[in-house]
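Report on the structure given below.
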Amino acid sequence: MVAPPIYDAAMNRWALFTTLLLAGLALLLLLAIACGGLVWRPGNWLLLAGASLIGLLLRAARRKWFFHPHISLHDAFGYEVIVQCVDLMNPLMPKRAFESIFLERETRVDPARIRAWIQARTSAVPSIVAFMLATSLALTGLALPAAALLLLALLLLALNAHAWRRQHRVPTSIYVRTWLTGILVWLAECALLIAIAAQSLSPDRTSLAYLLFTGLYESIVTPFAIGMAELPALLGLWWGKAPDLLGLLLAWHICRSGIVLLLAAPYAPRFKMRKRELLQPDLVRCMRELQRRREHIAAPDAHGQLNTHLSIVIPAYNEEQRLPAYLREVCAYTARLGKPCEIIVVDDGSRDQTTERVREIQGNCPALRLLRQPQNTGKGRAIQRGVLAAKGRYILFADADGATPIREANRLLRSMESERADLAIGSRRVVAPSGVQRQRRGNRAFMSRLFFALVNVLAVPGIQDTQCGFKLFRRSAAHHLFAQLHESGWAFDVEILYKAQFAGFRIVEVPVSWSEVAGSKVAPIRDAWRMLKAIFRIRRQFAGYMTSTHGRQRHVDPS
């Protein structure tokens with residue numbers, strides 16, 4: 001049987017990856033033999049780990065500074081971890097292409113600015129290297145060569161900044177700022193390494209070794225730069241410090257790489273990847289295919305065939321007290337809107353008089369429909385049924401307690417059109433303009449802030465409030481996201497938003513008025529624990545660009 005071409009290509013790439021890895025290990029072994037061992041002080045490992053983490057934070061701050069105010073420092077840190085991890089693990093990955101498509105998917109930044117960032121950082125490297133080499137020569141007392149290299153660094157800076165400004169139409173000051181922050185990162189790391197190695201190595205030797213190490217480390221040839229980043233230790237043969245230098249560089253290498261790999265474990269699912277995918281060169285192609293699939297899914301609906309403008313889905317379980325007043329408000333809103341609307345109440349197996357109250361209102365509200373679940377299946381399942389039964393061009397689901405006034409739907413509709421979004425979600429945490437009121441008190445306010453932070457860190461970056469029960473969808477996006485819903489309880493919001501980000505849908509978070517209404521069925525401690533478990537379940541079930549793109553079926557246990 002002849003193997004498929006895709007299989008052959010994958011095997012060839014894996015063979016090349018393995019060959020490079022073994023070559024790096026062999027090179028490291030030869031270095032250890034040539035330099036006389038790997039002697040270094042174990043007590044300084046903690047200091048090296050701290051220095052590695054500081055370097056990572058500085059690089060994230062550099063990224064944040066360039067893209068301010070479009071990304072947060074935490075998101076910049078996460079992006080830096082993933083980009084460095086791909087650089088380390090996979091020398092076969094087209095690195096610029098990966099970073100470009102990754103940032104385009106994860107941020108709302110203009111793709112042209114992303115390209116400008118990648119070009120600025122890359123073109124600044126020769127000038128930064130010249131500056132750092134001048135610093136190293138200055139430490140040895142060679143003032144004249146140091147001054148010449150400093151002039152060369154400034155000349156390269158001026159030439160590259162001018163060319164970058166002409167190409168990207170961005171002020172030169174931004175390029176200079178990127179260069180300065182790059183210098184700051186390298187100087188800080190070099191100073192920390194000099195301080196740590198001061199007992200065994202002189203500053204000039206350490207600085208030169210750091211410069212060569214960083215250049216080789218960031219121009220990865222072997223996976224994890226094994227064997228390559230330690231090559232500067234050969235300089236120690238002329239100084240009689242080869243074992244100390246090799247031990248220092250190997251320890252520094254392990255700390256820098258180890259911290260990135262450890263952090264990639266929680267961050268990869270946050271950005272919808274599986275860790276093993278970072279080893280796959282096809283990851284870039286799969287991400288692009290998924291983006292093209294999103295353009296097809298989110299294509300404008302056949303508006304001429306959709307007579308209903310807005311569908312409002314309201315799930316209800318034992319809501320005979322709170323629902324009637326809100327339902328009358330919704331009916332009045334749709335009557336004022338002046339466009340065809342429908343209101344769908346999904347009774348999720350209520351054991352009180354909820355159904356009777358809805359039917360009483362139906363007589364005066366022709367747009368109202370009632371769907372009944374034979375038994376209680378959970379809020380997510382009730383909303384899923386209502387969404388899939390909806391006929392509107394836009395589909396809004398709103399909680400039955402009326403915590404968010406239905407008039408706030410106007411904000412969501414306006415934002416969806418102005419932002420050309422696929423989802424517009426109400427938020428109680430986005431900075432509110434005048435006229436927006438929010439009321440939440442006591443332990444629930446604290447618990448909600450804690451939960452929002454966990455969801456943002458672990459699953460849905462960039463969204464401050466995943467749980468507000470007031471979300472608007474374009475019809476095509478809603479049907480795509482709700483077609484297969486696995487979380488039937490309170491965590492369904494996280495699943496929907498996780499899958500929306502995975503699919504590349506545009507999400508806009510809109511500040512809305514909100515007030516706490518008595519009678520909530522959420523138990524803060526019990527449900528918070530359930531939600532935390534659900535977050536990890538969602539990450540495990542739905543992360544993976546390669547799995548999604550190749551159309552493999554996942555076995556999902558919704559329990």
Worksheet item: If you go through the stretch 133-185 one residue at a time, how many are closer than 30 Å to ALA112 by Cβ and assigned to a helix (DSSP H, G or I)?
Response: 30
Discussion item. Can you confirm whether ASN376 is modelled with pLDDT under 95 and over 37 Å from the mean Cα position of the chain (by Cα)?
Written reply: no
Practice prompt. With respect to HIS74, determine if the residue is farther than 29 Å from PRO281 by Cβ and not small (Gly, Ala, Ser).
Written response: no
Worksheet item: Got a sec? Which of SER476, SER513, SER434 is surrounded by fewer than 23 Cβ atoms within 10 Å (Cβ to Cβ), in the same structural domain as ARG411 (by TED's automatic domain parsing), modelled with pLDDT of 90 or more and not aliphatic (A, V, I, L, M)?
Response: SER476
Worksheet item: Can you find a residue in the stretch 191-201 that is assigned to a helix (DSSP H, G or I) and either buried (at least 20 other Cβ atoms within 10 Å of the Cβ) or under 28 Å from the mean Cα position of the chain (by Cα) (or both)?
Response: yes
Discussion item. If I ask for residues that are in a helix (DSSP H, G or I) and either in contact with a Cys (Cβ under 8 Å, 6 or more places away or on another chain) or among the basic types (Lys, Arg) (or both), which ones from the stretch 77-113 would you list?
Written reply: LYS95, ARG96, ARG105, ARG113
Worksheet entry | Filter result (at pLDDT below 75, part of a loop (DSSP other than H, G, I, E, B) and surrounded by 13 or more Cβ atoms within 10 Å (Cβ to Cβ)) within the stretch 437-466 | ARG440
Worksheet item: Does at least one position in the stretch 280-292 carry a residue that is modelled with pLDDT of 85 or more, farther than 30 Å from GLU104 by Cβ and outside the structural domain of PHE17 (by TED's automatic domain parsing)?
Response: no
Worksheet item: Among the residues of the stretch 28-44 satisfying the criterion of being surrounded by fewer than 16 Cβ atoms within 10 Å (Cβ to Cβ) and in a helix (DSSP H, G or I), which is modelled with the lowest pLDDT?
Response: PRO42
Discussion item. Can you list residue pairs whose Cβ atoms sit under 7 Å apart, with the first residue in the stretch 285-304 being under 18 Å from ILE507 (Cβ atoms) and the second being outside any loop (DSSP other than H, G, I, E, B) and modelled with pLDDT under 70? Count only pairs 6 or more apart in sequence or on different chains.
Written reply: LEU290/SER548; LEU290/THR549
Discussion item. Within 13 Å of the chain's Cα centre (by Cα), touching a residue at least 40 places away in the same chain (Cβ under 8 Å) and assigned to a helix (DSSP H, G or I): is that true of ILE54 in this structure?
Written reply: no
Worksheet entry | Search result, residues across the stretch 260-294 that are β-branched (Val, Ile, Thr) and closer than 13 Å to ILE101 by Cβ | VAL284
Response to the item:
Per the filter on the stretch 72-105, residues touching a Gly at 6+ places or on another chain (Cβ under 9 Å) and either crowded, with 20+ Cβ neighbours inside 10 Å or assigned by TED's automatic domain parsing to the domain that holds ILE463 (or both) are ASP75
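The values are calculated or read from the model by the stated rules, or taken from the named source; none is laboratory data. Bear in mind the structure is a predicted one, so any value in this text is a computation, not a measurement. All Cβ positions, even for glycine, are placed from backbone atoms using ideal geometry, and neighbour counts span all protein chains on display.
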